[in-house]
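> Below is the structure I would like to discuss, written out as structure tokens.
Just so it is clear, none of the values below were taken in a lab; they were calculated from the coordinates. Here the structure is a predicted model, which means the values were calculated and not measured. Here the Cβ positions follow ideal geometry from the backbone for every residue, glycine too, while neighbour counts run over all protein chains shown.
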Amino acid sequence: MKKALIVVDVQNDFCEGGALAVPGADAVIPYINELIEQNEYDQIIFTQDWHPANHKSFASTNGKKVGDTINLNGVPQFMWPDHCVQGTFGAEFHKDLKIPEGAHIVQKGKNPEFDSYSGFQDNNHFVKTDLDDFLKYHDIQLVEIAGLAMDYCVKFTCLDAVQNGYITCLHFNGTKAVNVKPENGRDAVYQMVENGVTVLG
């Protein structure tokens with residue numbers, strides 16, 4: 001059975017000192033690097049938030065406060081600080097993350113009108129990335145997922161992986177939650193398990 005590792009959004013803005021730092025984010029990098037170094041995967045994929053400067057998920061674009069929620073094209077949209085703007089330091093992968101030569105990079109969130117938590121598609125399910133096509137082209141049947149953040153981009157990437165027919169495993173020690181509310185990370189794990197995701201230690 002062919003398997004892939006999907007590393008979600010380990011970018012400077014989500015790490016310590018970033019515009020949208022996930023608590024404890026830097027601690028997952030050595031764990032993810034170890035998975036990469038073990039080289040037990042047929043493919044290694046990195047997703048990258050890649051927003052235009054005027055992205056509609058940014059509070060600043062809408063004249064809102066961070067933490068507000070608006071209706072964005074029919075979907076509730078949490079208002080985030082500006083983050084992972086194309087071409088900025090914040091959008092770059094963390095310098096300690098080991099990216100093997102030939103690794104596949106999937107950029108998401110490029111359309112200013114739609115946010116894109118999942119590595120597979122935008123939140124409105126209008127536009128797919130090339131992730132599913134890439135996995136199917138390489139006959140991948142099992143995906144292991146780690147990265148940032150557990151209660152947003154990791155969760156939705158896991159749920160979409162199941163929906164697309166992949167055996168899906170979450171590396172619990174390779175992810176951290178934003179926890180806008182303290183229970184968000186816990187609830188995300190429950191939701192993933194209920195939907196067929198296997199949680200690895």
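> Using only Cα atoms, figure out Rg for segment 18-59 and give it as a multiple of 2.2 N^0.38 Å.
Numbers: Rg = 14.7 Å, N = 42, 2.2 N^0.38 = 9.1 Å.
That works out to 1.61 for segment 18-59.
> Another question, then. Using only Cα positions of the chain, each an equal point scatterer, no hydration layer, compute I(q)/I(0) via Debye at q = 0.12 Å⁻¹ and quote the log10 values to two decimals.
Those come out to -0.54, one per q.
> Shifting gears a bit: Where the only charges are on Cβ atoms (+1 Lys, Arg; -1 Asp, Glu), what is the dipole of segment 9-135 about its Cα centre, to the nearest 20 debye?
Details: 8 positive and 20 negative charges, 126 e Å.
So the magnitude is around 600 debye.
> Quick one: which of 84-95, 180-191, 146-157 comes out on top by average Cβ neighbours within 10 Å, and what's the full order, highest first?
Values: 84-95: 16.2, 180-191: 14.2, 146-157: 26.7.
Answer by packing, highest mean first, reads 146-157, 84-95, 180-191.
> Could you state the per residue volume, in Å³, of the convex hull enclosing the Cα atoms of segment 1-109? Could the numbers behind the result be given before it?
Values: hull volume 13.4 nm³, N = 109.
Considering the Cα atoms of segment 1-109, their hull volume per residue is 123 Å³.
> For segment 123-194, take every pair of Cα atoms, bin their distances at 10 Å starting from 0, and report each bin as a whole percent.
Taking every Cα pair in segment 123-194, the percentages come to 19, 50, 27, 4.
> When the helices in the chain are scored as -39500 (n - 2.57) per DSSP H run of 4 or longer and the sum is shared across all residues, what 222 nm value do you end up with, to the nearest 500 deg cm²/dmol?
On the way: 5 runs with 42 residues, N = 201.
Value at 222 nm, helices only: -5500 deg cm²/dmol.
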